[in-house]
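All remarks here apply to the structure that follows.
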Amino acid sequence: MAQYFEVHPENPQQRLLKQAAALLQRGEIVAVPTDSSYALACHLDDKDAVDQLRRIRQVDEKHHLTLLCRDLSELANYARVDNKQYRLLKAATPGPYTFLLEATKEVPRRVSHPQRKTIGLRVPDHKVLLELLMLHGAPLLATTLIAPGETEALNDAQTIRERFEKQIGAVIDAGACPSQPTTVVDLTPMGTGDDPVVVRQGRGALAVLGL
């Protein structure tokens, strides 16, 4: 049975977020609010949790998972970023964008793309999630909460609890999120002088990226 933490979206109760962070440390999966839709998140270094994350979403190892980072400096610890890429990242973070970049050795090989060695990274613009990341003390591995066989991201915490309460450890309810996933941009072509590639257009405006 998933625990249910109802928190204030602007002034989240630290006591509740600490309980959620403790669950993540123990290998549980937690449904978290973001500035796009709700997402499923787990500890980066917990193999069993990562496997469960993929089972819930019914995706394989070629599906890019995303590292939720507290800020741009933390993101740069987990991805190889050149000056051009950094300028684009700086313009769009925090915000509803996911960037595909070459993973550093800080990222376990089992969570990066098996052929490309890339990982999705983003810095969310959501008070509750940023507070949770601060308490956790490291990035969380996440995926947009889209139920198997569906195309729309879930944005209602109560619905998430009802549908996934036997598969996850907790739901953090900070109110409804926009029911639109992030804009996903592949920045790896910039390493060879090519333009970024828009993989998915979501909530993040392309104009912010100059695309």
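The values are calculated or read from the model by the stated rules, or taken from the named source; none is laboratory data. The structure presented is a predicted model; accordingly, all values stated were derived computationally and were not measured. All Cβ positions, even for glycine, are placed from backbone atoms using ideal geometry, and neighbour counts span all protein chains on display.
Each row is one residue, and each column tells you yes or no for (1) modelled with pLDDT of 90 or more; (2) in a strand (DSSP E or B); (3) among the aromatic types (Phe, Trp, Tyr).
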residue: 70; (1), (2), (3): yes, no, no
residue: 74; (1), (2), (3): yes, no, no
residue: 84; (1), (2), (3): yes, no, no
residue: 99; (1), (2), (3): yes, yes, yes
residue: 115; (1), (2), (3): no, no, no
residue: 129; (1), (2), (3): yes, no, no
residue: 132; (1), (2), (3): yes, no, no
Selected residue (criterion: surrounded by the fewest Cβ atoms within 10 Å (Cβ to Cβ)) from residues of the stretch 117-127 that are part of a loop (DSSP other than H, G, I, E, B) and at pLDDT 95 or above: 125
Flag for residue 159 being among the hydroxyl-bearing types (Ser, Thr, Tyr), under 21 Å from residue 120 (Cα atoms) and modelled with pLDDT of 90 or more: no
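Condition first: out of contact with any Phe, Trp or Tyr (no Cβ under 7 Å at 6 or more places or on another chain) and within 20 Å of residue 3 (Cα to Cα). Now tell me which residues in the stretch 131-145 satisfy that.
Start the filter on the stretch 131-145 by keeping residues that are out of contact with any Phe, Trp or Tyr (no Cβ under 7 Å at 6 or more places or on another chain), which leaves 131-138, 140-144.
Those that are out of contact with any Phe, Trp or Tyr (no Cβ under 7 Å at 6 or more places or on another chain) and within 20 Å of residue 3 (Cα to Cα): 131, 132, 133, 135, 136, 140, 141, 142, 143, 144.
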Single condition residue 110 does not satisfy, out of (1) outside any loop (DSSP other than H, G, I, E, B); (2) in contact with a helix residue (DSSP H, G or I) (Cβ under 8 Å, 6 or more places away or on another chain); (3) at pLDDT 90 or above: (3)
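So that you can scan it fast, the table gives a plain yes or no per residue for (1) in contact with a Cys (Cβ under 8 Å, 6 or more places away or on another chain); (2) within 11 Å of residue 169 (Cα to Cα); (3) modelled with pLDDT of 95 or more; (4) surrounded by fewer than 21 Cβ atoms within 10 Å (Cβ to Cβ):
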{"position": "9", "(1), (2), (3), (4)": "no, no, no, yes"}
{"position": "15", "(1), (2), (3), (4)": "no, no, yes, yes"}
{"position": "18", "(1), (2), (3), (4)": "no, no, yes, yes"}
{"position": "22", "(1), (2), (3), (4)": "no, yes, yes, yes"}
{"position": "29", "(1), (2), (3), (4)": "yes, yes, yes, no"}
{"position": "40", "(1), (2), (3), (4)": "no, yes, yes, no"}
{"position": "53", "(1), (2), (3), (4)": "yes, no, no, no"}
{"position": "60", "(1), (2), (3), (4)": "no, no, no, yes"}
The stretch 163-199, residues that are more than 12 Å from residue 88 (Cβ to Cβ) and of a type in the set (A, V, I, L, M): 168, 170, 171, 172, 174, 176, 184, 197, 198, 199
Tally of residues being hydroxyl-bearing (Ser, Thr, Tyr), closer than 28 Å to residue 74 by Cα and either in a loop (DSSP other than H, G, I, E, B) or modelled with pLDDT of 95 or more (or both) across the stretch 144-156: 0
Within the stretch 166-211, strands (runs of 3 or more DSSP E) holding 1 or more residues that are in contact (Cβ under 8 Å) with a residue 12 or more places away in the chain and polar (S, T, N, Q): 183-186
